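Inspection log for the structure reproduced underneath, given as C-alpha cells.
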Amino acid sequence: MKLTWWSHSCWLIETGPHRLVIDPFLSGNPKAPLAADEVACDYLLITHGHGDHLGDAVSIAKRTGATIVANYEVATYCGQQGATVHPMHIGGGHDFPFGRVKLTIAHHGSGLEQDGQMLYLGNPAGLLVTAEGKTVYHAGDTGLFLDMQLIGQSAPIDTALLPIGDNFTMGIDDAVQAVGFLNPRLALPMHYDTFEIIAADPDQFVTQVAAAGGHAQKIMIGESVEI
Ligand code: NI
Ligand code: MN
C-alpha cells in the first residue's frame, strides 16, 4: 500500500488497482501539489464537512465517477449535488472492493458555511482503512481523546496520520500522546503549516515521539511512503 501526502489532511492511498483520496482540499489550498481536476481516483473518503476536508470532493466525484464515502449527513449533502455516495456512520465499518473502512469518533465540528448559513453536516469522524492486511488510521480533525487506546487495540495500526497544527486540532504535545495511545508502527504528521494559524514544527513532533518510544517521520508534500 502506498500513501502520498497531498498537503493538509489530504492523502492518496494506492492499493492494488484502487486509488482512494482522503479529504481532497486542493482548490484554495496554498500548499496543494496538484489541481482538483488532475485527481484520478475511484473513492473519496471524507472525515467531516469543513471546507478544508470536504474540499473538492463533489467536483472530483462528478468528473471521475468516484464514490464519496462519508458520514450520513456529508454523504447525503454530496448526493444531493449529483455525486455517487456511500453513507456510513461512527462505529460502522463496511467492506468495499479495495478493503474495509470504519468510521471512528473525532472531537471536532462538521458544519459547512454556505450562503451565510451554517449547514449541519453531522459529526466529524476519523477513518480506519484496512487493505492488503495493512491498517491506516486517519484521525481527521480532532482533539486528543483517551478512546484512541481502543482504536489502537481494535487492530494493529501500521500508519497513523495525525494533525499537529494546534488551534483547531491537537497540537504537537497532544499528538505525541495520541501516538502513545494508538501505538502505530509509524506516525505521520498532517494539518500543519497550510495556514499561519496552524504553523507547527514536524521535526519537533518526530523528536518527541522518538523520545516517548514511538516512531514518527516527517513527510514532504507530494512525497510517498510504502507501508
Ligand atoms: Ni475541521
Ligand atoms: Mn481542518
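The values are calculated or read from the model by the stated rules, or taken from the named source; none is laboratory data. None of the values given here were measured: they were computed from a predicted structure. Counting neighbours? That spans all protein chains shown, and the Cβs are built from the backbone with ideal geometry, glycine included. Surface areas here come from the heavy atoms of the whole protein model, side chains and all, with no ligands, DNA or RNA. Shrake-Rupley method; radii C 1.70, N 1.55, O 1.52, S 1.80 Å.
Among the residues that make up segment 66-87, is at least one of them at positive phi, open to solvent by less than 60 Å² (accessible area, probe 1.4 Å) and in contact with a helix residue (DSSP H, G or I) (Cβ under 7 Å, 6 or more places away or on another chain)? Among the residues of segment 66-87, at least one is at positive phi, open to solvent by less than 60 Å² (accessible area, probe 1.4 Å) and in contact with a helix residue (DSSP H, G or I) (Cβ under 7 Å, 6 or more places away or on another chain), which makes the answer yes. The single condition among (1) over 17 Å from the mean Cα position of the chain (by Cα); (2) touching a residue at least 40 places away in the same chain (Cβ under 8 Å) that Ala131 does not meet is (1). If we scan segment 36-50, do we find a residue that is within 15 Å of ligand 1 (Cβ to nearest atom), in contact (Cβ under 8 Å) with a residue 60 or more places away in the chain and open to solvent by 20 Å² or more (accessible area, probe 1.4 Å)? Within segment 36-50, one or more residues are within 15 Å of ligand 1 (Cβ to nearest atom), in contact (Cβ under 8 Å) with a residue 60 or more places away in the chain and open to solvent by 20 Å² or more (accessible area, probe 1.4 Å).
Let's see how each residue does on (1) on the phi < 0 side of the Ramachandran plot; (2) touching a residue at least 24 places away in the same chain (Cβ under 8 Å); (3) away from ligand 1 (no atom under 16 Å from the Cβ); (4) touching a Ser or Thr at 6+ places or on another chain (Cβ under 7 Å):
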position: Gln153; (1), (2), (3), (4): yes, no, yes, no
position: Pro184; (1), (2), (3), (4): yes, yes, yes, yes
position: Gln204; (1), (2), (3), (4): yes, yes, yes, no
position: Gln208; (1), (2), (3), (4): yes, yes, yes, no
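Among residues of segment 92-104 that are at negative phi, those with a beta-carbon under 8 Å from a residue that is among the acidic types (Asp, Glu) at least six positions away or on a different chain give the pairs Phe98/Asp42.
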